[in-house]
Amino acid sequence: MRIKNARFVVSNSRVAQCPNTKLPEFAFIGRSNVGKSSLINMLTDRKKLAKTSGKPGKTQLINHFLINEKWHLVDLPGYGYARVSKKNKKEFQQYITDYFLERKQLVNAFLLIDIRHEPQPIDLEFMEWMGTQQIPFSIIFTKADKLSERVIERTVTAYLNTLLEGAWVETPPHFVTSSTSRLGKDAVLAYIETLL
Ligand code: GTP
Ligand code: MG
């Protein structure tokens, strides 16, 4: 898919205030600092569409972007960011879960995993929660530029095996990406296109 235009629509913390259209949407979720906003910029070929930062906790709202006037791409705040206060954290988590439970336009969630890290309980729990809620999702491994091809293959296999040893009978679709080398761009966009 070619992205001819991409523009920011709205940020908010309430699912009820998200754009009131029937356009299909795709959301990017994962731990803080995993590279959600960077990946969105890479996929859309826009350097500053989504705000990125070296410090975790940059994205704090539900951000809608309109792509090709046809579908929405959604940048979400990261979960598991320890430095926000407990109260903030609870509110955060609440509107993220509300988003997933209530947003009928959501076609697929992309759950981002930093390829350098061992499977983390918070990610595995989130996947299980999405499974229970029957929210379709796929996994995007990020920051692949940090590892060699051989190690990438081994890491991805090990990760998927962890899922199979746990609650999953089959593994979700998965992609290996890097926002710096642009690896995985065509594969992710082609996958989105099959769901539009
Ligand atoms: P929050 O909004 O805080 O939840 O973070 P985020 O998941 O949106 O992460 P963001 O895109 O802001 O990136 C976090 C940091 O990781 C930044 O310093 C990015 O430059 C870096 N980063 C993101 N993607 C990649 C990648 O593919 N490769 C490398 N090497 N660094 C990356
Ligand atoms: Mg972000």
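Observations, loosely collected:
- From 142, 155, residue being surrounded by 15 or more Cβ atoms within 10 Å (Cβ to Cβ), more than 26 Å from residue 22 (Cα to Cα), in contact (Cβ under 8 Å) with a residue 12 or more places away in the chain and touching a strand residue (DSSP E or B) at 6+ places or on another chain (Cβ under 6 Å): 142
- Residues of region 50-66 that are away from ligand 1 (no atom under 11 Å from the Cβ) and touching a helix residue (DSSP H, G or I) at 6+ places or on another chain (Cβ under 9 Å): 62, 65.
- Within region 42-58, the set of residues being in a loop (DSSP other than H, G, I, E, B) and either surrounded by 15 or more Cβ atoms within 10 Å (Cβ to Cβ) or within 9 Å of ligand 2 (Cβ to nearest atom) (or both) comprises 46, 49, 50, 51, 52, 53, 56, 57, 58.
- The number of residues in region 109-167 that are within 16 Å of ligand 1 (Cβ to nearest atom) and in a loop (DSSP other than H, G, I, E, B) comes to 7.
- All positions within region 163-196 that are out of contact with any strand residue (DSSP E or B) (no Cβ under 9 Å at 6 or more places or on another chain) and not aliphatic (A, V, I, L, M): 165, 166, 168, 170, 180, 181, 182, 185, 186, 193, 194
- For region 20-32, taking the residues that are closer than 11 Å to residue 73 by Cβ and not small (Gly, Ala, Ser), the one that is nearest to ligand 1 (Cβ to nearest atom) is identified as 28.
- Close pairs (7 angstrom Cβ cut-off, 6 or more residues apart or separate chains): outside any loop (DSSP other than H, G, I, E, B) in region 70-85, modelled with pLDDT under 90 and surrounded by fewer than 18 Cβ atoms within 10 Å (Cβ to Cβ) anywhere: 79/93; 79/122
- Count of region 19-40 residues which are assigned to a loop (DSSP other than H, G, I, E, B) and more than 11 Å from the chain's Cα centre (by Cα): 7
- Verdict on residue 113 being more than 14 Å from the chain's Cα centre (by Cα), surrounded by 21 or more Cβ atoms within 10 Å (Cβ to Cβ) and at pLDDT 95 or above: no
- One residue alone among 110, 126 is in contact (Cβ under 8 Å) with a residue 60 or more places away in the chain, among the hydrophobic types (A, V, I, L, M, F, W, C) and farther than 22 Å from residue 65 by Cα, and that residue is 126.
- Residue in region 98-108 that is more than 16 Å from ligand 2 (Cβ to nearest atom), of a type outside the set (Asp, Glu) and assigned to a helix (DSSP H, G or I) present: yes
- Any chance residue 35 is within 12 Å of ligand 1 (Cβ to nearest atom), modelled with pLDDT under 90 and at positive phi: no
- Of all residues in region 58-69, those that are within 8 Å of residue 9 (Cα to Cα) have Cβ atoms under 9 Å from Cβ atoms of residues that are among the small types (Gly, Ala, Ser) and not in a loop (DSSP other than H, G, I, E, B), 6 or more apart or on another chain, in 63/11; 63/37; 64/11; 65/6; 66/6.
- Every pair of residues 6+ apart whose Cβ atoms lie under 6 Å, when the first sits in region 178-196 and is of a type in the set (Ser, Thr, Tyr) while the second is within 16 Å of ligand 1 (Cβ to nearest atom): 178/144; 178/145; 179/35; 179/38; 179/39; 179/42; 180/145; 181/145
The values are calculated or read from the model by the stated rules, or taken from the named source; none is laboratory data. If you're wondering where the values come from, they're calculated on a predicted model, not measured in any experiment. No Cβ is skipped: glycine too gets one built from the backbone with ideal geometry, and neighbour counts run over all protein chains shown.
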